[in-house]
Amino acid sequence: MYSYYNDNTILYINGEFRKASATTTDLYGQSLHYGYAVFEGIRAYKTANGEVKVFKAKEHFDRLQRSCELIHIPYKFNNEELIAACYKVLELNNMEEAYIRPLVFCPPNMTLKAASEAHILICAWEWGAYLGEKLLRVMTSSYERPNPKAFKIESKSAGLYVNSILASQEAKEKGYDEALLLDINGYVAEGPGANIFFEKNGKIFTPPPGNILPGITRATVIELCHELNIPIEEKLFTTDELKEAEAAFFCGTAAEVIGIDSLDGQSFSKPWAQSLGKVLQQAYKARVLEKSFQREAQLV
Ligand code: PMP
């Protein structure tokens, strides 16, 4: 089992830096019992000039705030202070490249009333590419993404991740690397923890917001497409259309950009090394490391 902390690990909780091993939580918490909590996943990188930078820190904390507001968890935190706390956690733990996990959670309350106060935790650990480096064998999940009329699905809420765990587990049990979930209308939505893109005829496609978590990596990939003059379109599509694609990839903070080998055993036609996804994978890596990137150089 991966150990996320040791006896020396320091975390941030409600304005203080404390030893993880000496910090406790209340077993009667509303978050623990009902999954009523919100979290973020952020990465810090050591950039080309040697500095440690938390990538898109403001975007992640803005989403944390919005996620709380959508499900009525009071958010009385100052995002600039929280970003400074992320840097301090990295420094206190001697970390340069790390995954940072802010979590907003609620105190004891066994009723189903919205919380009137909330706590914040920020911890960090060293984490390699979440879905590995190899191309992924993906299966269409028998689980759908949650119905947007049954939940605020744009809120990165803890409870929603039971759906992700079920889908991931099913895929692994069946011998695949990862799941792909459809929305309630049968269109492709996203992976359990990543957004999906595909390539066809020189163009990149991805599902529009509405039935997905609008990922910060997804937004970065769209930005990179604009900068690199790669045509990009947001549209709904089915798995039949996806299977006709030349190449596909997942993207997310933890997974970064990772190519997909096949969907339900059917391989994509273009070698990953020649795909636009590969160009975007390299451009994404360059962006987080604050290195310059020339598309032309990658095509030779
Ligand atoms: N979809 C889901 C369901 C996720 O859990 C994640 C990871 N946060 C993503 C997409 C990608 O989001 P981001 O790029 O902001 O990490």
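A few points about this structure:
- Residue in the range 144-154 that is surrounded by fewer than 20 Cβ atoms within 10 Å (Cβ to Cβ), of a type in the set (F, W, Y), within 15 Å of the ligand (Cβ to nearest atom) and closer than 16 Å to G215 by Cβ present: no
- Options E241, E223; residue that is more than 16 Å from the ligand (Cβ to nearest atom) and in the same structural domain as K149 (by TED's automatic domain parsing): E241
- Residue in the range 20-37 that is of a type outside the set (D, E) and within 16 Å of the ligand (Cβ to nearest atom) present: yes
- Reported count of residues in the range 55-100, each being without any contact (Cβ under 8 Å) to a residue 24 or more places away in the chain and not acidic (D, E), is 5.
- Selection over the range 184-199 of residues that are among the acidic types (D, E) and within 18 Å of the chain's Cα centre (by Cα) gives a count of 1.
- Failed item, numbered, when L180 is tested on (1) surrounded by fewer than 21 Cβ atoms within 10 Å (Cβ to Cβ); (2) within 14 Å of the ligand (Cβ to nearest atom): (1)
- Given (1) within 26 Å of R63 (Cα to Cα); (2) out of contact with any helix residue (DSSP H, G or I) (no Cβ under 7 Å at 6 or more places or on another chain), index of the condition G186 fails: (1)
- Condition check for G210: within 16 Å of the ligand (Cβ to nearest atom), within 30 Å of Q65 (Cα to Cα) and within 14 Å of the chain's Cα centre (by Cα): no
- Breaking point among (1) more than 12 Å from the ligand (Cβ to nearest atom); (2) surrounded by 15 or more Cβ atoms within 10 Å (Cβ to Cβ); (3) modelled with pLDDT under 95, for Y130: (1)
- The residues of the range 163-177 that are surrounded by fewer than 18 Cβ atoms within 10 Å (Cβ to Cβ) and within 15 Å of the chain's Cα centre (by Cα) amount to a single one, I165.
- Residues located in the range 163-177, provided they are away from the ligand (no atom under 12 Å from the Cβ) and either out of contact with any helix residue (DSSP H, G or I) (no Cβ under 8 Å at 6 or more places or on another chain) or β-branched (V, I, T) (or both): L166, Q169, E170, A171, K172, E173, K174, G175, Y176
- Selection status of L90, in contact with a strand residue (DSSP E or B) (Cβ under 9 Å, 6 or more places away or on another chain) and either within 16 Å of the ligand (Cβ to nearest atom) or β-branched (V, I, T) (or both): no
- I196 vs. criteria exposed (fewer than 14 other Cβ atoms within 10 Å of the Cβ), within 14 Å of the ligand (Cβ to nearest atom) and either farther than 26 Å from G132 by Cα or not small (G, A, S) (or both): no
- Subset of the range 109-153 [part of a strand (DSSP E or B) and farther than 26 Å from N185 by Cβ]: H119, I120, L121, I122, C123, A124, W125
- Complete set of residues in the range 184-193 that are more than 12 Å from the ligand (Cβ to nearest atom), more than 16 Å from L136 (Cβ to Cβ) and either surrounded by 14 or more Cβ atoms within 10 Å (Cβ to Cβ) or of a type in the set (D, E) (or both): I184, Y187
- Residue ranges of strands (runs of 3 or more DSSP E) in the range 1-97 with at least 3 members exposed (fewer than 15 other Cβ atoms within 10 Å of the Cβ): 16-19
The values are calculated or read from the model by the stated rules, or taken from the named source; none is laboratory data. Predicted model, so just to flag it, every value in this text is computed and none were measured. For neighbour counting, all protein chains shown are included, and Cβ atoms are generated from backbone atoms with ideal geometry for every residue, glycine included.
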